[in-house]
Amino acid sequence: MIHIRDLCKRFGEKEVLRGVNLDIVRGKTTTIFGVSGGGKSTIIKHIVGLLTPDRGEIVVDGIALSDAKSLYQIRRKVGFLFQSGALFDSMNVKQNVEFPLIEHTKLTAAERNRKIVRALELVGLKPSEAMPLFPHELSGGMRKRVGLARTIILDPQALLYDEPTSGLDPITSDRISQMILRLQSELGVTSALISHDVKESFKCSDYIAMLFDGRIVEYGDSAEIAASQNPITRQFLEGSASGPVTFDG
Ligand SMILES: Nc1ncnc2c1ncn2[C@@H]1O[C@H](COP(=O)(O)OP(=O)(O)OP(=O)(O)O)[C@@H](O)[C@H]1O
Ligand SMILES: [Mg+2]
């Protein structure tokens with residue numbers, strides 16, 4: 001569904017991506033592991049056109065990301081959950097989740113309402129309680145789940161989740177993982193996930209890619225990655241401070 005070829009990106013002196021090659025397989029969930037500051041969010045932002053590559057190519061569902069028109073087509077197909085949730089502060093939960101429906105569909109208010117209720121339930125929020133609240137009245141975890149509800153509201157073919165479970169309790173995290181699995185099995189959604197949460201990632205990933213030093217250094221199905229002998233992957237899975245991955249890398 002998504003092909004990333006030789007993606008390179010530098011910010012000033014810092015070469016963050018040095019030739020990333022990755023395929024996100026249709027109808028499956030692929031997780032990108034990597035250390036904080038390693039460039040995971042940077043990869044995802046390229047897929048939705050928030051950043052332009054220095055070099056390399058991105059193709060989404062056969063459309064090469066090249067101009068404004070291709071970007072518009074891709075944005076209709078791909079939903080993106082920002083790491084921070086990125087809610088509109090001046091809108092309540094209902095308005096936040098409703099926003100993409102107003103922008104992109106001709107649904108009636110009643111039809112929109114049905115979708116909003118369903119999306120909020122999917123992410124484990126009580127619609128009647130959550131809808132009137134404004135972002136500043138939400139906990140961090142609730143904000144993330146409202147962001148998630150807004151991401152899935154247009155029934156995208158592909159979903160990109162940047163840290164969907166970070167900052168959430170283990171039970172809510174499990175619920176989000178179950179939701180990702182359900183979207184995949186019931187709707188055939190393609191997902192790309194960025195996560196530090198090794199346990200949750202193994203629950204819902206078909207494939208895992210390990211990003212290190214600006215490149216994908218290992219890729220495999222989750223069983224292969226769980227049994228990996230690659231010292232970088234092992235260090236990440238075991239959460240060890242000692243190994244080839246150092247704090248500046
Ligand atoms: N717009 C930008 N301008 C300048 N530097 C940036 C920009 N976006 C990212 N960076 C830098 O690129 C590097 C990678 O950032 P990125 O957000 O992709 O990391 P990450 O792997 O998602 O980390 P985390 O797990 O902490 O979210 C960091 O050093 C960051 O400072
Ligand atoms: Mg990030």
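The values are calculated or read from the model by the stated rules, or taken from the named source; none is laboratory data. Everything quoted here is computed from the prediction, not taken from an experiment. Cβ atoms come from the backbone with ideal geometry, glycine included; neighbour counts cover every protein chain shown.
If you scan segment 164-208, which residues turn out to be within 16 Å of ligand 1 (Cβ to nearest atom), of a type in the set (Val, Ile, Thr) and modelled with pLDDT of 85 or more?
Selection gives Ile194, Val198, Ile208.
Give the residues of segment 133-152 that are at pLDDT 90 or above and part of a loop (DSSP other than H, G, I, E, B), sorted by residue number.
Once the filter is applied, which keeps residues that are at pLDDT 90 or above and part of a loop (DSSP other than H, G, I, E, B), segment 133-152 yields Leu133, Phe134, Leu138.
Any residue at all in segment 66-76 that is hydrophobic (A, V, I, L, M, F, W, C), within 29 Å of Ile208 (Cβ to Cβ) and in a loop (DSSP other than H, G, I, E, B)?
no
Does Tyr161 satisfy the condition of being of a type in the set (Ser, Thr, Tyr) and more than 16 Å from ligand 1 (Cβ to nearest atom)?
So Tyr161 fails the test.
Inspect segment 78-92 for any residue being away from ligand 1 (no atom under 16 Å from the Cβ), part of a loop (DSSP other than H, G, I, E, B), of a type in the set (Gly, Ala, Ser) and surrounded by 14 or more Cβ atoms within 10 Å (Cβ to Cβ) and give the result as yes or no.
No, segment 78-92 has no match at all.
Condition first: outside any loop (DSSP other than H, G, I, E, B), closer than 22 Å to Ile152 by Cβ and modelled with pLDDT of 85 or more. Can you find one or more residues in segment 235-242 that meet it?
No, there is no match, as no residue in segment 235-242 is outside any loop (DSSP other than H, G, I, E, B), closer than 22 Å to Ile152 by Cβ and modelled with pLDDT of 85 or more.
Please find, within segment 31-60, the residue that is modelled with the lowest pLDDT out of those that are more than 16 Å from ligand 2 (Cβ to nearest atom) and either buried (at least 19 other Cβ atoms within 10 Å of the Cβ) or outside any strand (DSSP E or B) (or both).
Gly49
Grab the strands (runs of 3 or more DSSP E) fully contained in segment 178-225, keeping just those with 3 or more residues being within 16 Å of ligand 2 (Cβ to nearest atom), closer than 30 Å to Phe11 by Cβ and under 18 Å from the mean Cα position of the chain (by Cα).
190-194, 207-212
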